[in-house]
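> Mind looking over this structure? Questions follow.
The values are calculated or read from the model by the stated rules, or taken from the named source; none is laboratory data. Remember, predicted model here, so these are calculated numbers, not experimental data. Ligands, DNA and RNA are excluded from the accessible area calculation, which covers all protein heavy atoms including side chains. Shrake-Rupley method; radii C 1.70, N 1.55, O 1.52, S 1.80 Å.
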Amino acid sequence: MPLLVAVLAGTVATGLLLGDGELPVPALHGQAGHFLLAHVITLLPAVFLLYGLGRGDLRTETVAGRFLRGLDVGLALTLAAAGATCGSLAYAAGQGALALVVARNIAGYLGLALLFHPLIGHRPAAAALAAVPLVCSAAGWHPDGSPRPWAWPLHPAGSPYALAAVALLLLAGAGCALFRRHPTTGPHLLTG
């Protein structure tokens, strides 16, 4: 837990320090837009969460006395709330709209981590998570240079599309993590 808090704080600080630094990414469809380094750095808390979720024997954990999947979801949602708090405080301190984008993207990637982990496992989930910003940056732009609605990491801070997408990702991820078993433990629902 202390490591996750340090990673979260470091991610927000690094995202703000990187500011408007851009990565050159070719567009596969439409026109290339602005892909900020701060869009990539926000993956770190979700990757560290996946590392923690990839702990010991999953079959043993499904019969544990504690509802470990509920604790995992609670940890991810607490991290998302802490990221939102850090971003809001940084925005209030005059750091600009990028602070809100960093906080929103941290929450979105945490939701994706919760969604991917029970479906494909923690290692493939980390790879799939890393592919999301690359796909968004390469194919998430309209010809006029604005982000497509599905490319939520690229949207500006006040985008209702991005906020709705992140909320859906957190809800879907929490639901999947709570009610879907990991592929190696079988298809039974609501146990463990």
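> Suppose we take every Cα in region 71-119 and form the convex hull; what volume per residue is that in Å³?
Given the Cα convex hull of region 71-119, per-residue volume reads 39 Å³.
> Still on this model: Tell me whether region 67-186 comes out rounded, prolate or oblate; compute the Cα gyration tensor, take square roots of the eigenvalues as a ≥ b ≥ c, and use a/c under 1.5 as the rounded threshold. Kindly include the intermediate steps, with their values, before the conclusion.
Numbers: a/c = 2.51, a/b = 1.39, b/c = 1.81.
It is oblate, given that a/c is not under 1.5 and a/b is not larger than b/c.
> Taking Cα pairs under 8 Å and at least six residues apart, what relative contact order does region 70-192 come out at, in percent? Write down the numbers at each step before the final one.
Details: 149 pairs, mean separation 35.4, N = 123.
RCO, region 70-192: 29 percent.
> How much accessible surface area, in Å² rounded to 10, belongs to the heavy atoms of T11 with a 1.4 Å probe?
0
> OK, next. Quick one: with all protein chains in place, what share of the accessible area of region 72-192 is carbon or sulfur, to the nearest percent (1.4 Å probe)?
Reported share for carbon and sulfur atoms: 74 percent.
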